[in-house]
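Reviewing the structure listed below.
Just so it is clear, none of the values below were taken in a lab; they were calculated from the coordinates. Note that the coordinates shown come from a computational prediction; the quantities given were computed from them, not determined experimentally. Here the Cβ is made from the backbone with ideal geometry for all residues, glycine too, and neighbour counts use every protein chain on show.
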């Protein structure tokens, strides 16, 4: 009987090369889920009576012009500063080998994966009025009133954006530098060019596509910045994302919010085209494997000293704010001078916390974990199903359609979803929908690539050794795919856990997650509890990061795309 | 297909399968094969890349299904059986070792699928580790193995469930020359000692000739000739087989009349006429007069012989140590000769006389052979 069934199955399949007759229903369902809210925005923005006139009027309004000028300015400075800060590090990474380089390279993706609200909290704790930096300045320059007071303003926003972006700029630029064939520089030297001329004539032109790509990428993400500008920008500084949120949340002017979102989509189109263009150019760079010279004190004292100084500065700039959150979470009232205490953590269970945040701590934590767990499970489940279905064919149009989320700002999508479903649907359902949209492109891209790379041969080997397709799946395919599945799951979880904007727009005030709780605590100046909650959030983020780093990620660019859009 | 499966053989196959070409305009590729393999025979499928060797192997393994035909293994029709139930071992070109399992786990995989008792699995794995000299590597991850070690693990894994037949898909392709040479010998010895039946796919004629009890030469999805290595090399039926297995001087000629007193009159392209005393086998079954190739293997060409057939100039000399490859320009032809040490007068540009061993020359048809 069993044999007959197997033979029948084999005949049905045609051959073992498993032309899986899976249904494409989930694919089309995803397309509907992803595109419908975007259509809704477009319809609301442009397809109603007087929309064009209103749009033209908006384009001439001071709000639009001021927002555009501010967004472009802050995005430009954020991009340039991030690259400038990253450049020396990229040089050391690209030209030398040193102990711990591999781990440092992995670690560099961490700040980028941090939830926006945690970055803002770190900034406030370290660079704020009563921040660690000002305490240090007071110690170094006693009585001189030397203080850093620019956090809540233009330069504070730039600082936060640089904090966020410089690490992945360093990583990508460093990798690009590593790939440059040293023989080109040697050839230039034999033709009589000195080091400086070789840098400008050979190295820089080869790095140019990556630099251009990174400039556009950071510009784009800073242009779309939400959490950082919402908290640090006050009433004076707004990006279009913040403007959409204010129109939606404070003024309840949905038409205007849709109009801004629609206008922003048009603006984004050009940037995205440029990003894709330079992204492709960057990938074209030939990979040149070589052993880099070791950076040691004996061989290169000057470069080693410079590298150490740079590392120290970066550690201060990057690690210190995060450490400050941890340290202050154990300090009395969250202040630097206070004694060691666990009170801040105890207060997470107090009525005061519940009064400010709107939920008990356990509920907040459970909400975050449940939401991110559901989103990650769905994204990985559907993503792997589709990746498996398409494993016989190269990346094509069908896959590109699923990458649309990368072309639309997340807040715009969440708002579109709100317009579509409003308060008729459960906020949980809408949030899962929105966050699936956010996480899916990267999850799919990781799983699609990994599954295609796995190929069929190992499964065929299992089959000729007697394994049924089911056994081959469980004993060969899934164990081998464990790491990409784990990474995809972790990314989906990280993106969902760190999301603030969708929860603010779609949560209807009922769903409080960790970022919302921190946002509300900061809003009520409850920094002590915010740091305690932030420390827990940081720990969770770090655990998720450890899951990610279990797999050597070839999709750093994709990760950056997703992480960048949820700030 | 009009033909049925062959009568003899442990494995008997007669099948046909068509594939669309990658580019839409090209005609579809059709694989058509009919042959049998004897028990404990080492049978090779040899042919240029893309001729359908691997596909034929995959059809036998059940990894692909034929459009028509039947495959019979040990008197049981397996055409419709899934690969898991065919009892066939397969060594893939790049071995397809499971990267998440150690060496011994890889070898034990098929035994575990068979649900054998764990003690039996342990014993069997230990035995295979010993046979393949892998004892010290049992707990190694497969990505820590060298090319030769991987190949041995792949063989051990494939043989562990005691398959009825072992299929090897170019298992030496990824290895360097020295290693390939050594492993080839080891494989042949193992096959003799363990007595398994093997079908071996290769595009390397040297490998096919040295390993096989019999071999099948394939081209464009068809089997052109089957025979022992010596038969196929010495008596190729087409110019393709002659050129694919070893080097060949193929001299276009017009055979003018039936041998008269053992003498066959041939006209060469430059209208030069020769009367050759050819071996009887060489002309058997040929319709005369007709257009043919005169096949002379380079090792059968003799420089400055007693009986001169051609006279030409040495155009190029390539020294290979144990022999020298000589290119001779003559009568609008370029002849290749392989001569051993000690042949005098091998100087580039010098005129030499050339003859050949008449009993080893063959006439091969020209029309049917789309060169």
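Going 7 Å from the Cα of residue B:316 in the Cα-to-Cβ direction, what parts of region B:335-360 have a backbone nitrogen less than 15 Å from that spot? Zone members listed by number: B:335-338, B:348-349. Counting neighbouring Cβ atoms within 10 Å and putting the fewest first, the residues A:39, A:497 line up as A:39, A:497. Each label point was placed 7 Å from the Cα along the Cα-to-Cβ direction; for residue B:256 and residue A:29 their separation is 8.3 nm. The ranking of A:60, A:44, A:398 from fewest to most other beta carbons within 10 Å of each one's beta carbon is A:60, A:398, A:44. Peptide A:452-462 is shielded by partner chain Cβ atoms: per residue, an average of 5 of them sit within 10 Å of its Cβ.
Which shape class, rounded, prolate or oblate, goes with region B:82-156 when its Cα gyration tensor gives a ≥ b ≥ c as root eigenvalues, a/c under 1.5 marks rounded, and past that a/b bigger than b/c marks prolate? It comes out oblate by the Cα gyration axes. With a Förster radius of 30 Å applied to the C-beta separation of residue B:263 and residue B:360, the computed FRET efficiency comes to 0.95.
The mean count of C-beta atoms from other chains within 10 Å of the C-beta of residues in B:89-99, rounded to a whole number, is 4.
Listed peptides A:156-169, B:6-19 appear in the order A:156-169, B:6-19 once ranked by packing, highest mean of other Cβ atoms within 10 Å at the front. Here the label points at residue A:423 and residue B:131, each 7 Å from Cα along the C-beta direction, are separated by 7.6 nm in the simple model. For the peptides B:54-63, A:258-267, A:220-229, the ranking by packing is A:220-229, B:54-63, A:258-267, with the highest mean count of neighbouring Cβ atoms within 10 Å listed first. A rounded overall shape is assigned to chain A, the ratio a/c of its alpha-carbon gyration tensor axes (a ≥ b ≥ c) being less than 1.5. Going from the residue with the fewest nearby Cβ atoms within 10 Å to the one with the most, A:64, A:317, A:355 rank A:355, A:317, A:64.
Per residue of peptide A:465-473, the mean number of Cβ atoms on other chains within 10 Å of the residue Cβ is 6. With a Förster radius of 60 Å applied to the beta-carbon distance between residue A:332 and residue A:43, the computed FRET efficiency rounds to 0.65.
Working ranking of peptides A:425-431, A:307-313 by packing, defined as the average number of other Cβ atoms within 10 Å per residue, highest first, is A:425-431, A:307-313. The sum of -39500 (n - 2.57) across all DSSP H runs of n ≥ 4, divided by the residue count of chain B, sets its helix-only mean residue ellipticity at 222 nm to -7000 deg cm²/dmol. In chain B, Cα pairs under 8 Å separated by at least six residues give a relative contact order of 15 percent. What the Cβ-Cβ distance of residue A:59 and residue A:199 gives, at R0 = 45 Å and to the nearest 0.05, is a FRET efficiency of 0.55.
Here the relative contact order of chain A, from alpha carbon pairs under 8 Å that lie six or more residues apart, stands at 22 percent. Label zone (residue B:114, point 7 Å along Cα-to-C-beta; backbone nitrogen cut-off 19 Å) within region B:30-74: B:40, B:61-62, B:73-74. In this simple spin-label approximation, residue B:8 and residue B:123 carry label points 7 Å from Cα along the Cα→Cβ vector, and these lie 3.8 nm apart.
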